[in-house]
Amino acid sequence: MSSNLQTAGAADDPDLGVSTENIMHASEVLRSASDHLFAVLNSLPVSGFESCGTDPVSSAAAAAFNEKSFALIEGFQRHVQELGHQSEALASTARSYAVSETYIRRIADSR
């Protein structure tokens, strides 16, 4: 595959062309976002909501809030994992350009 391949609408802007550098940059952006979001998710308290009183509604409300909040967190975790998978897919695409791993690492490290 040619590293000079241009995407539609990118012919006038060489920075938008498809190249090993651009693909690795996109991969690193996704990896960085994934790592950051993973750290945020891991910093969330895992205790959940507790009943705020002895009334019969408080414990049911706490259980409902916990169910919804844990479901949201699980959805976010899947999204973060998908960002990581997409980062890997882009890095794999860059490798398919038949350039050396050393070159790819140098590009990634220079960002």
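The values are calculated or read from the model by the stated rules, or taken from the named source; none is laboratory data. On a predicted model such as this, the values are computed, not experimentally measured, just so you know. With ideal geometry, Cβ positions are generated from the backbone for all residues, glycine too; neighbour counts draw on all protein chains shown.
Scanning segment 64-100 for residues that are among the hydrophobic types (A, V, I, L, M, F, W, C) and under 18 Å from residue 33 (Cα atoms), which turns out nearest to the chain's Cα centre (by Cα)? Give the derivation first.
As a first pass, look at segment 64-100 and keep what is among the hydrophobic types (A, V, I, L, M, F, W, C): 64-65, 70-73, 76, 80, 83, 89-91, 94, 98-99.
Adding the requirement that they be under 18 Å from residue 33 (Cα atoms) leaves 73, 76, 80, 83, 89-91.
Working: 73: 15, 76: 10, 80: 5, 83: 3, 89: 12, 90: 12, 91: 13 Å.
Among residues in segment 64-100 that are among the hydrophobic types (A, V, I, L, M, F, W, C) and under 18 Å from residue 33 (Cα atoms), the one nearest to the chain's Cα centre (by Cα) is 83.
For segment 43-51, check the following and say yes or no: at least one residue is in a helix (DSSP H, G or I) and of a type outside the set (Gly, Ala, Ser). Give the derivation first.
Within segment 43-51, the subset in a helix (DSSP H, G or I) is none.
Scanning segment 43-51 turns up no residue that is in a helix (DSSP H, G or I) and of a type outside the set (Gly, Ala, Ser).
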Here are the criteria: (1) at pLDDT 90 or above; (2) among the hydroxyl-bearing types (Ser, Thr, Tyr); (3) surrounded by 11 or more Cβ atoms within 10 Å (Cβ to Cβ). Tell me which single one residue 43 does not satisfy. (3)
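May I ask you to verify whether residue 92 is among the hydroxyl-bearing types (Ser, Thr, Tyr), outside any loop (DSSP other than H, G, I, E, B) and at pLDDT below 90?
On the way: among the hydroxyl-bearing types (Ser, Thr, Tyr): yes; outside any loop (DSSP other than H, G, I, E, B): yes; at pLDDT below 90: yes.
Yes.
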In segment 70-92, which residues are closer than 13 Å to residue 29 by Cβ and either hydrophobic (A, V, I, L, M, F, W, C) or free of Cβ contacts under 8 Å to residues at least 12 places away in the same chain (or both)? 83, 90, 91
Looking only at segment 52-69, count every residue that is among the acidic types (Asp, Glu) and either closer than 28 Å to residue 25 by Cβ or assigned to a helix (DSSP H, G or I) (or both) and tell me the total. 1
Could you please tell me which pairs satisfy a Cβ distance under 6 Å, a separation of 6+ or placement on different chains, a first residue in segment 33-59 that is among the hydroxyl-bearing types (Ser, Thr, Tyr), and a second residue that is surrounded by 14 or more Cβ atoms within 10 Å (Cβ to Cβ) and at pLDDT below 85? 58/51; 59/51
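Do you know which of the residues in segment 16-25 that are assigned to a helix (DSSP H, G or I) and in contact with a Ser or Thr (Cβ under 8 Å, 6 or more places away or on another chain) is farthest from residue 93 (Cα to Cα)? Break it down stepwise before answering.
Going residue by residue through segment 16-25, those that are assigned to a helix (DSSP H, G or I) are 16, 20-25.
Add one more test, that the residue is in contact with a Ser or Thr (Cβ under 8 Å, 6 or more places away or on another chain), and what stays is 16, 20, 23.
On the way: 16: 16, 20: 8, 23: 8 Å.
Step by step, filter segment 16-25, then rank; the result is 16.
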Taking the stated definitions as given, is residue 32 over 25 Å from residue 19 (Cα atoms) and hydroxyl-bearing (Ser, Thr, Tyr)? no
